[in-house]
Amino acid sequence: MQSCESSGDSADDPLSRGLRRRGQPRVVVIGAGLAGLAAAKALLEQGFTDVTVLEASSCIGGRVQSVKLGHATFELGATWIHGSHGNPIYHLAEANGLLEETTDGERSVGRISLYSKNGVACYLTNHGRRIPKDVVEEFSDLYNEVYNLTQEFFRHGKPVNAESQNSVGVFTREEVRNRIRDDPEDPEATKRLKLAMIQQYLKVESCESGSHSMDEVSLSAFGEWTEIPGAHHIIPSGFMRVVELLAKGIPAHVIQLGKPVRCVHWDQASARPRGPEIEPRGEGDHNHDAGEGGQGGEQPRGDGRDEDKQWPVLVECEDCEVIPADHVIVTVSLGVLKRQYTSFFRPGLPAEKVAAIHRLGIGTTDKIFLEFEEPFWGPECNSLQFVWEDEAESRTLTYLPELWYRKICGFDVLYPPERYGHVLSGWICGEEALVMEKCDDEAVAEICTEMLRQFTGNPNIPKPRRILRSAWGSNPYFRGSYSYTQVGSSGADVEKLAKPLPYTESSKTAQGNSSKQQPGHLLSSKCSEQSLDPNRGSIKPMQVLFSGEATHRKYYSTTHGALLSGQREAARLIEMYRDLFQQGT
């Protein structure tokens, strides 16, 4: 696995000499999350100085969002470093002492209780009964056996039968259900409890997979996601510290905040004779001085190149500024691509990339933090898991909007209380999470309190003193939490999503309806006052590159997948220019 740290080559290698003598290629990175920052950092460390990062929101970090309340830091987004052996996020955090406060309990995370393995998970029914520990353990063993079977279809090439509909949820639900019913030793009452627990476990699995329901997750592709060995870790001071470490080596003038992009106009050299004219940047030039991490002797951006050069890519921002570039690295989420791909790229994307965007899935997983004056749960309890007894025969995980709260799978106890206070972290995903996001804090707190009273059988539980929750689905800059391989998709779609544009002649497919558009690749009407004029020229390779967690075939949905994907796209450009300068062309 790639390391998070790049080792710079000699200043006299072909790449360094070429960048000094031949001029700097201009690279624009869209998005200042882990992928975008990793890409920019890698390019800067290899001598690329004309790099700009455009971030739509008011802060860096993307789907990392650490919120400080009192003395504690709560994670609305990325929370865990999943695995340690070779994980670049882990090594970066470990090298900088970010894990020193992590407790032993936090260093070994169970599948269901995500904050501590100390104590036990309390499985409660909607009738206020606690499910006996032996029943929970028996069911957990059975579920995990079937879960392991879901991995074998990809890893061992097992054929998927028609009954499963190539769905992890359908296969798991039916397999577990049949085994429960066929058990001659369990009384009917115990079987009913175990059947109801299937849905609760699948809700947890959906939250972890980022899907609306495990019914939507591809069974044949499920096993391709790769878990890095080693313990899971949290960062007590906040996952944002990792983001800050990545940004530390990037000069401040490189990153523009509050700079949403409207459209990426690519393949301009092949476009019709008229294209956007670029207004000189003057004193606002991002690389006007070397600054921190800058290289002496580079040409500042206000050197007149904008007027003379045949720019293959033009990045049109929402404020109507148009930034010319040789290469653009797009790190926006799959949710944004699904919503905006038709307007975000001109010409339109190739048909196979559009199909990959449609086939791959992204859903919303939200957290609901509730802070109480005093704990109403016992010291041995590390989570409260909600089992609806009337769902024993249910075959769906979709609820009417007014019943959105039934998708909350449970609440984890934040550990240790000396750090967090008396806080529970609830989990909800899918369409029901989007309904929750539309409710106000007071309504969500009230409903959660009623659920806790109902499932614990304790009508005296007070309302929380404070509530904090995420809203990833309705955030226009994300439109979801993280990606998954949807039924009908595979790892090949991830590869297609990651494929740079333009394609080579041999792989260039008919761009179909997705690339049909207004003549001349005109700018959006809001910026129509900007006139048109790039020169024609030969097609430049790797004009538009794609990174982000959804573009990593093995590590999608993870922070390390995002970081590695950014390094991957930077490496494409570094290798291309190194080869170019090596040849002396």
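A few remarks follow.
- Unit charges at the beta carbon, dipole of segment 132-219: most positive-side option, Ser211, Tyr143, Val168: Ser211
- Most tightly packed first, judged by the mean number of other beta-carbon atoms within 10 Å of their residues, the peptides 250-257, 165-172, 491-498, 180-187 read 165-172, 491-498, 250-257, 180-187.
- FRET efficiency for Lys309 and Glu393, using Cβ-Cβ distance with R0 set to 56 Å, rounded to 0.05: 0.25
- Peptides 342-355, 194-207, 46-59, 551-564 ranked from most to least packed give 551-564, 194-207, 46-59, 342-355, packing being the mean of other C-beta atoms within 10 angstrom over each peptide's residues.
- If R0 is 41 Å, the Cβ-Cβ spacing of Glu244 and Asp579 corresponds to a FRET efficiency of close to 0.75.
- Net charge of the neighbourhood of Arg192, taken over other residues with C-beta under 13 Å away and scored Lys/Arg +1, Asp/Glu -1, is -2.
- Segment 88-95 - phi-based ³J(HN,Hα) in whole Hz, Karplus 6.51/-1.76/1.60, Gly and Pro as x: x, 5, 4, 5, 5, 5, 5, 5
- Among the protein heavy atoms of segment 355-449, carbon and sulfur supply 56% of the accessible surface, probe 1.4 Å, non-protein parts ignored.
- Separation in nanometres of the label points that stand 7 Å from Cα toward Cβ, at Arg466 and Ala443: 2.4
- Solvent-accessible surface of protein heavy atoms, probed at 1.4 angstrom with all chains present, puts His91, His327, His422 in the order His91, His422, His327, largest first.
- The mean accessible area for residues of segment 396-501, using a 1.4 Å probe and ignoring ligands and nucleic acids, is 40 Å² per residue.
- Reach of Lys496 by Cα under 26 Å, taken over lysines that are not fewer than 8 positions away in the same chain: Lys41, Lys158, Lys338, Lys353, Lys508, Lys516, Lys540, Lys554
- Scanning residues 5 or more positions from Ile255 or on other chains, those with amide H under 5 Å from its amide H are Val53, with H placed 1.01 Å from N in the peptide plane.
- Sites Asp182 and Glu380 - FRET efficiency at Förster radius 22 Å, r taken between beta-carbons, to 0.05: 0.05
- Normalised per residue, the accessible area of segment 109-224 is 43 Å², obtained with a 1.4 Å probe and no contribution from ligands, DNA or RNA.
- Segments 570-576, 39-45 sorted - mean Cβ within 10 Å per residue, highest first: 39-45, 570-576
- Gain on full stretching of the segment that runs from Ala571 to Asn161 - 0.36 nm per residue minus C-alpha separation: 143.5 nm
- Label zone at Asp134 (point 7 Å along Cα-to-Cβ), backbone N below 15 Å, segment 173-193: 185-191
The values are calculated or read from the model by the stated rules, or taken from the named source; none is laboratory data. Just so it is clear, the structure is predicted and the values come from calculations on it, not from any experiment. Neighbour counts are summed over all protein chains in view; Cβ atoms, including those assigned to glycine, are modelled from backbone coordinates with ideal geometry. Just so you know, the surface numbers come from the protein's heavy atoms only, side chains and all, with ligands and any DNA or RNA stripped out. Shrake-Rupley method; radii C 1.70, N 1.55, O 1.52, S 1.80 Å.
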